[in-house]
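For reference, the structure is listed below as structure tokens.
Nothing in this text is a laboratory measurement; each read-out follows from the coordinates by a stated rule. Here the structure is a predicted model, which is why all the values come from computation and not from measurement. Backbone-built Cβ (ideal geometry, glycine too); neighbour counts: all protein chains shown.
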Amino acid sequence: MEENVYEQEMIDKIASTIVERRLSVPAVLFMEVLKPLNFFGAQTLNFFGPLIESFLKKGNRYYDFTAFLEKRENIEAILRRVEEMEDARPHNKRPKRGRRQKKIEASYNESGGLNDR
């Protein structure tokens with residue numbers, strides 16, 4: 001039971017990070033292409049585990065994460081969750097514009113064309 005809770009937490013955490021950073025399309029493409037290699041990647045992480053764990057805090061769940069990656073259905077679950085979150089996200093929001101972009105737009109609007117400044 002605890003393993004399923006951990007897997008669901010990981011799926012939600014990975015998917016929400018992808019959607020928040022607006023990387024849904026590249027992440028889905030990347031995961032679809034590399035899905036057949038997930039077991040190999042997990043075994044590579046297991047091989048380098050002792051070295052990587054020396055840099056992590058005590059009580060980490062590094063090997064739980066590698067076991068999570070070994071299961072192909074978890075990759076599918078991440079993909080489904082990313083798609084669900086992306087569908088639920090409001091798409092009418094415009095990205096924040098920086099000061100430079102606002103200045104360019106103001107310059108363009110004032111003169112009816114773009115000024116060379």
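Would you calculate the separation in nanometres between label points at S107 and T44, each defined as 7 Å from the Cα along the Cα-to-beta-carbon direction?
So the two model labels end up 4.5 nm from each other.
Stretch L37-V5 to full length: gain in nm at 0.36 nm per residue minus the Cα-Cα span?
9.1 nm is the gain from fully extending L37 to V5.
So for the pair V25, K71, with labels modelled 7 Å out along Cα→Cβ, what separation do we get in nm?
Between V25 and K71, the label points sit 3.2 nm apart.
With label points built 7 Å along Cα→Cβ from the Cα atoms of L56 and E86, find their separation and express it in nm.
Between L56 and E86, the simple spin-label model gives 2.8 nm.
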